[in-house]
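Presented below is the structure to which this report refers.
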C-alpha cells in the first residue's frame, strides 16, 4: 500500500469531500468551510471521485517553481553580493541589484541567497518593550528632531566625524544633513542656518539633553538659564524641547541607524573619502531617501515661518556674552583684553554693558545698543585651564608630544660610564658609603 503525503490544507479538503460523497454536506456549505468558489468545489469533487485522496494532492509538489530564479541571474547576483555589495543588508542590496545592475529578482530571493551563502544571518525577534506611543505631528515643520551621530562614516578613508541629522516629525523627511568634526554650538548653528534658508523657521526642535541644548548644572535647575544655542533659538522664536529618553525621540534615533548603513554603503560605492565630498553628496542622498521613506503629513499646512529682516542670522548665530566696561573702557573676554576706541567723552560709557559676539571664524564684534564699537587688543594673558565635556576632550587635545631635533645638545652628551671601583654599601644605606 502506497503512503500518501498530504498537507494540513489537503487533509481538510479530504474530510470535506468525504462528507460530500456521503451526502452529509452541500457544495455551498463545503465552499464556505474551505473558502472556495462553487466551480472549484466541483473540480475537487470530480478529482476525488476519479482518483480518490490522491486527486486532492497538489500536482506542483516536487516540481521546480515556474517563477524560480534562473541559474545565470543567481550566479550574477551572488558574484555582486560577494564583491561590489559586500556587507550590504538584503533590502539595500536588492535595491542596488535592481536599479544599478538591472536584475529581475525579489528582495526575498536576495535574502535567501545571502542566508544560504552565509552573507546574512537572520535576526532573532527582539523582546517587545512597550513604550508610550506618541502620534506624529500633523504639519510639516511643526516639530523637527535633531541629533548628532558620531561614526566612522568613511570606513577609514577619512577621519571619523559626526553627522548632524535634522528630521521632520510629521513626515519622517530628512531636512538637513551635515558632516562636522564634532558636536558644538557653531556646528549646530551652521547646520541650522542651512536648514532655515531652505525651509524657514520650524515651530520647535526636539533634542536630547546635550549641554548644547540644555543647562545641565544642578545649581541651574531653578533658574531660567539658557545655553548659547537656546538663546539663539529664543531670539528666532523657536522652542527647544529636550527628550527624557532616547525612545522619546525614536524617529531620529532610527534614522541614525539607517544612515549608518545606507549612507556608508552609498559613499563607499562612489569612493567618497573626505568630509567636503561627503557634504557635497548629501543633498542628492537626502532627495533619494525622502522619495523612498517620507510620508505625507495629516495636514497640508506648512508650519515653517519665513525669515524676516529682523532675523539677522549673522549676529544671532554667534557666541554672545555680556561685559561691563571699566573706567578706562576696557573689558576682558577669553583671556584677552579689549580697549574700546571712541570719540565721545569716555565718562559717557563708563560701566556700560556691552555684548561680545564671536563667530565660527573666531572674529570678535563688540555691540553697544545694537551697534558695533571699534576696539584694539590691549594685551593677552597667559592661557589658563579650561573645563570641557567628555565629548570634547579629543577635539581639545590635538597637540602632539614634542620630539627634539637630531642635533639637539642633549643628544651629544656622553653616556655615563659604570665605575668598576665602587665601594659596597654598609648596612644597606647609601649615606654609609665611605669616600676612598
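The values are calculated or read from the model by the stated rules, or taken from the named source; none is laboratory data. Predicted, not measured: the structure shown is a model, and the values here were computed from it. Cβ coordinates were reconstructed from backbone atoms using ideal geometry, including for glycine residues, and neighbour counts include every protein chain displayed.
So how many residues does the stretch 139-183 have that are over 21 Å from residue 280 (Cα atoms) and in a loop (DSSP other than H, G, I, E, B)?
Counting residues in the stretch 139-183 that are over 21 Å from residue 280 (Cα atoms) and in a loop (DSSP other than H, G, I, E, B) gives 8.
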- Task: For the stretch 335-350, indicate whether the set of residues that are in contact (Cβ under 8 Å) with a residue 12 or more places away in the chain and closer than 27 Å to residue 233 by Cα is non-empty.
- Result: no
- Query: Can you find a residue in the stretch 121-134 that is under 21 Å from residue 260 (Cβ atoms), in contact with a helix residue (DSSP H, G or I) (Cβ under 8 Å, 6 or more places away or on another chain) and modelled with pLDDT under 90?
  - Reply: yes
- Item | Selection count where residues are free of Cβ contacts under 8 Å to residues at least 12 places away in the same chain and either within 17 Å of residue 7 (Cβ to Cβ) or exposed (fewer than 10 other Cβ atoms within 10 Å of the Cβ) (or both), scope the stretch 41-50 | 2
- Any chance residue 284 is free of Cβ contacts under 8 Å to residues at least 40 places away in the same chain and within 23 Å of residue 165 (Cα to Cα): yes
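Among the residues of the stretch 40-71, how many are at negative phi and part of a helix (DSSP H, G or I)? Can you show your working first?
As a first pass, look at the stretch 40-71 and keep what is at negative phi: 40-51, 53-61, 63-71.
Remaining after also requiring part of a helix (DSSP H, G or I): 40-51, 53-56, 71.
Residues meeting the conditions: 17.
Got a sec? Which of 312, 288 is out of contact with any strand residue (DSSP E or B) (no Cβ under 9 Å at 6 or more places or on another chain), assigned by TED's automatic domain parsing to the domain that holds residue 163 and surrounded by fewer than 16 Cβ atoms within 10 Å (Cβ to Cβ)?
Among 312, 288, only 288 is out of contact with any strand residue (DSSP E or B) (no Cβ under 9 Å at 6 or more places or on another chain), assigned by TED's automatic domain parsing to the domain that holds residue 163 and surrounded by fewer than 16 Cβ atoms within 10 Å (Cβ to Cβ).
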- Do you know which of the residues in the stretch 82-100 that are farther than 16 Å from residue 270 by Cβ and in contact (Cβ under 8 Å) with a residue 24 or more places away in the chain is surrounded by the most Cβ atoms within 10 Å (Cβ to Cβ)? 90
- Message: Here is a check on your reading of the model: is residue 23 in a helix (DSSP H, G or I), at pLDDT below 90 and surrounded by fewer than 16 Cβ atoms within 10 Å (Cβ to Cβ)?
- Response: no
- Could you check residue 344 against (1) out of contact with any helix residue (DSSP H, G or I) (no Cβ under 8 Å at 6 or more places or on another chain); (2) outside the structural domain of residue 363 (by TED's automatic domain parsing) and say which number it fails? (2)
- In the stretch 106-137, how many residues are more than 26 Å from residue 65 (Cβ to Cβ) and touching a residue at least 24 places away in the same chain (Cβ under 8 Å)? 4
